[in-house]
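Have a look at the structure below before the remarks.
The values are calculated or read from the model by the stated rules, or taken from the named source; none is laboratory data. Computed from a predicted structure; not experimentally measured. Neighbour counts run over all protein chains shown; Cβ positions are idealised from the backbone, glycine included. When the accessible area is computed, the model is the full protein with side chains, heavy atoms only, and any ligands, DNA or RNA have been set aside. Shrake-Rupley method; radii C 1.70, N 1.55, O 1.52, S 1.80 Å.
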Amino acid sequence: MNTTQSWIVVADDAAATGLVGAARTLGTEVVAVVAGRREVADALATAADRVLWLGEPGEAPVEAFAPAVAALVAQAAPRAVVGATTPSGRALLGAVGAALQAPVLSGIGTVELSGDQVVVTRSVLGGVSEHRTGVEGTAVLAVDAGAAVSGTPAAAVEEVAGEALAGARVTEVRPRERAGVNLGAARTVVAVGRGLKAREDVALLTELAGAFGGELACSRPLAEGVDWLPKERYIGISGQHIAPELYVAVGISGQLQHMVGVREAGVIVAVNSDKNAPVFSQCDYGVVGDLYQVVPALTAALKGGA
Amino acid sequence: MKIVVAYKWAPNPQDADVRPDGTVDLSRAKAAVSEYDPVAFELARRLADATAGEVIGLSVGAASIDTPLARKAALSRGLDRLVLVADDALADADGTRLAAVLAAAVRAIGDVDVVLAGDSSIDVAAGQVPLTLAGELGWLGLASVSRVEAADGGLVVERDLPGGTTVLAVAGPVVLAATADAVVPKVAGMKDILAAAKKPTEVLALDGLDVPAPGATLTTLSTAKPGGGDRQATVIDGADPAAAAAQLVGALRQAGAL
Ligand SMILES: Cc1cc2nc3c(=O)[nH]c(=O)nc-3n(C[C@H](O)[C@H](O)[C@H](O)COP(=O)(O)OP(=O)(O)OC[C@H]3O[C@@H](n4cnc5c(N)ncnc54)[C@H](O)[C@@H]3O)c2cc1C
Ligand SMILES: Nc1ncnc2c1ncn2[C@@H]1O[C@H](COP(=O)(O)O)[C@@H](O)[C@H]1O
């Protein structure tokens with residue numbers, strides 16, 4: 001194993017501050033392998049010590065380069081390999097994990113070197129427990145991608161040969177307008193769940209969020225089951241993790257997979273008509289009542305006091 | 001088309017007992033087909049019906065994944081047959097080990113065109129196993145698949161990615177992990193459950209499969225119960241909404257949360 005190097009695997013996305021940060025902690029030389037466009041490789045050259053680029057992908061999906069990325073990593077046998085938790089980031093990490101027969105660790109909190117060993121904290125089993133784990137062999141880590149890297153180029157981009165898997169072609173991309181919300185920066189977040197009966201009732205919550213001077217969020221079913229709110233706005237293990245000063249959960253039952261996303265919130269308020277809803281054991285203030293009555297009253301009380 | 005559905009028989013950690021030292025007791029948590037895997041069953045069935053193909057369920061894990069109830073739960077969801085690798089040597093297996101065993105089973109099944117999987121499992125929830133499986137097989141692996149259809153001997157695959165919807169033409173073997181809302185799975189009826197009893201299940205011996213040795217090992221150095229989960233709620237009766245709202249706003253002001 002090459003204990004001076006740590007590698008990052010990049011899937012056509014310059015959002016890589018999280019990857020670079022973890023890799024810097026674990027190795028003195030950070031080598032980036034970039035599958036995707038040249039501009040992404042150029043961006044990485046501002047943050048990594050070496051950049052290996054697999055060439056323009058053309059019509060191939062970035063996932064088609066996963067075996068080529070894995071072959072490069074396996075040959076170098078670095079101490080750590082870090083990739084993003086995004087769908088294509090996980091595809092590159094999967095190929096790396098397979099090539100090294102090494103577990104891909106997720107839910108990562110902190111990373112450190114203890115002597116020569118990589119030690120991470122990670123949240124396991126949907127977040128019910130926190131483990132401190134030492135890795136014997138190459139540590140393969142999936143971390144939050146972070147923000148785009150930028151600055152002055154420090155490394156040259158080296159183009160390396162790497163075949164894409166044949167047979168898959170991207171035929172169409174329909175860009176989606178990103179909602180452009182930054183829930184992470186909001187002081188107050190008001191979230192709504194399946195207790196809401198109709199799409200038009202979202203307006204009630206928009207008003208409440210406005211009265212709090214906060215942002216509107218939701219549980220996963222409202223973003224992925226019925227599409228009443230954009231996917232960028234759902235909170236939880238597969239959505240956003242946030243730590244606002246105040247979190248107000250309206251018509252949300254309080255399942256583990258949702259609540260793990262707001263564990264670090266300052267104050268949590270729940271509004272739910274079922275007094276036995278699990279959310280009531282995970283909040284600071286719980287209003288037992290019908291959201292259709294409580295929400296307008298709360299909006300009025302907030303406005304009245306202003 | 002020969003389609004394999006990889007599904008997990010797993011407990012919901014919501015029902016786990018977490019001790020103060022962070023160790024977890026799952027004995028009260030009942031296992032079931034992992035929450036989002038029925039989406040993969042449904043996509044597989046539709047694809048098989050459109051191509052006069054076959055759907056084979058595949059799950060690997062501890063011996064407890066093979067019970068009459070577990071078999072029925074899988075076989076009643078539109079499968080033609082079931083293949084299991086159930087061995088206690090896999091009880092605490094990490095995702096790469098599970099993927100390696102799944103890959104060996106896919107090779108043993110033979111001539112598989114597509115593996116369909118769920119978005120993420122209810123217990124591990126990393127969305128990693130299908131993509132590591134693709135790596136083990138040397139196949140293309142695509143996550144966030146929202147639609148899949150047969151076309152021109154291959155597949156048209158639609159993906160819901162952060163940047164937008166992406167459409168691909170895919171020829172050749174592929175592992176696809178579905179989004180949670182790709183389709184609404186059919187609920188198994190009495191007829192499906194009765195038919196399940198007649199469908200074949202094959203149990204593959206772990207020893208008979210060609211699974212590579214682990215290349216890295218994990219040691220748990222310590223465990224902890226995460227903070228923030230237990231809060232002492234002040235309960236406010238919402239029967240009089242205006243009074244409840246006033247009480248809450250007052251309390252939040254007092255706490256400095258407004
Ligand atoms: C692998 C995996 C990952 C997941 N990831 C996430 C995630 O990231 N985020 C997430 O949110 N979920 C996630 N889930 C889903 C999660 O398990 C729950 O199913 C989901 O959070 C439930 O959403 P909900 O609380 O809105 O709906 P429900 O559980 O249906 O709760 C609705 C609540 O509304 C209340 N209610 C009904 N009517 C009213 C009314 N008039 N007034 C007041 N209250 C009312 C009900 O009492 C109930 O408590 C995941 C699941 C899995 C398996
Ligand atoms: N042990 C397993 N056997 C079969 N399929 C699995 C297994 N573990 C995970 N999967 C599949 O991989 C998906 C993602 O799981 P995970 O990577 O654990 O989040 C699941 O929804 C299943 O479709």
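Some points to look at:
- Förster radius 22 Å - calculated FRET efficiency between residue B:186 and residue A:174 (Cβ-Cβ, nearest 0.05): 0.20
- Remark on the stretch B:1-40: hydrodynamic radius 11.9 angstrom, per the Kirkwood mean of 1/r across alpha carbon pairs.
- For the residues of A:76-88, the average number of beta carbons from a partner chain within 10 Å of their own beta carbon is 2.
- Neighbours of residue A:2 by Cβ distance under 11 Å: Lys/Arg scored +1, Asp/Glu scored -1, total 0.
- Beta bridges from DSSP with both residues in the stretch A:2-159: antiparallel share about 35 percent, rounded to the nearest 5.
- Taking only the C-alpha atoms of the stretch A:125-216, Rg followed by Dmax gives 22.2, 57 Å.
- Of all beta bridges that DSSP places with both ends in the protein assembly as shown, some 40 percent have antiparallel geometry.
- Under a 5 Å amide H cut-off, with hydrogens placed 1.01 Å from N, residue B:235 pairs with A:286 among residues at least 5 apart or on other chains.
- Derived scalar couplings ³J(HN,Hα) [the stretch A:285-302; Karplus, 6.51 cos²θ - 1.76 cosθ + 1.60; whole Hz; x for Gly, Pro]: 10, x, 9, 8, x, 7, 4, 5, 9, 6, 5, x, 5, 5, 4, 5, 5, 5
- Shielding by partners - mean other protein chain Cβ count within 10 Å, residues of B:244-254: 6
- The calculated pair-distance distribution of the stretch B:109-258 uses every alpha carbon pair, bins of 5 angstrom beginning at 0, and gives 2, 6, 9, 11, 12, 11, 10, 10, 9, 6, 5, 5, 3, 0 percent.
- Exercise: per-residue mean of other protein chain Cβ atoms within 10 Å, B:196-203: 0
- Mean separation of Cα contacts under 8 Å (6+ apart) over length of chain A, as relative contact order %: 15
- Those lysines that a straight Cα-Cα span of less than 24 Å connects to residue B:225, excepting residues fewer than 8 apart in one chain: B:30
- Debye log10 I(q)/I(0) for the protein assembly as shown, one point scatterer per Cα, at q = 0.06, 0.07, 0.10, 0.11 Å⁻¹: -0.31, -0.42, -0.87, -1.04
- Sequence ranges B:156-166, A:14-24, ranked by mean other-Cβ count within 10 angstrom, highest first: A:14-24, B:156-166
- Radius ratio Rg over Rh of the stretch A:2-159, counting only Cα atoms, Kirkwood formula for Rh: 0.95
- Square roots of five times the Cα gyration tensor eigenvalues for chain A, Å: 41, 21, 17
- Under a 5 Å amide H cut-off, with hydrogens placed 1.01 Å from N, residue A:191 pairs with A:217, A:248, A:249, A:250 among residues at least 5 apart or on other chains.
- For the stretch B:8-82 versus the stretch A:10-65, the inter-centroid distance based on Cα atoms is 36 Å.
- Antiparallel bridge percentage (DSSP; both residues within chain B; nearest 5): 40
- Across A:187, B:231, B:28, the residue with the most accessible area heads the list, and the full order at a 1.4 Å probe is B:28, A:187, B:231.
- Dividing the convex hull volume of the alpha carbon atoms of the stretch B:42-156 by its residue count gives 109 Å³ per residue.
- For the stretch A:211-302, the spread of Cα positions along each principal axis, largest first, Å: 32, 25, 24
- Rounded to two decimals, the Cα radius of gyration of the stretch B:2-208 over 2.2 N^0.38 Å is 0.99.
- Computed on protein heavy atoms with a 1.4 Å probe, the accessible areas place A:131, A:258, A:241 in the order A:241, A:131, A:258, largest first.
- Rounded to the nearest 10 degrees, the angle from helix A:202-212 to the longest Cα principal axis of chain A is 90 degrees.
- With contacts taken as Cα pairs under 8 Å and at least 6 residues apart, the stretch A:138-288 reaches a relative contact order of 18 percent.
- Look at the alpha carbon pairs under 8 Å that are at least 6 residues apart: their mean separation over the length of the stretch B:33-79 gives a relative contact order of 54 percent.
- Choice from B:78, B:53, B:189 with maximal GNM fluctuation in chain B (Cα, 10 Å cutoff): B:189
- Ranking A:37, B:253, A:194, A:79 by solvent-accessible area of protein heavy atoms (1.4 Å probe, all protein chains present), from largest to smallest, gives A:194, B:253, A:37, A:79.
- To the nearest 10, the accessible area of residue B:190 is 130 Å² with a 1.4 Å probe.
- Residue B:184 accessible area, assembled protein chains, probe 1.4 Å, Å²: 120
- Accessible surface of residue B:9 - all protein chains present, 1.4 Å probe, nearest 10 Å²: 40
- Gaussian network model of chain B, springs between alpha carbon atoms under 10 Å - residue of B:215, B:95, B:172 with greatest fluctuation: B:215
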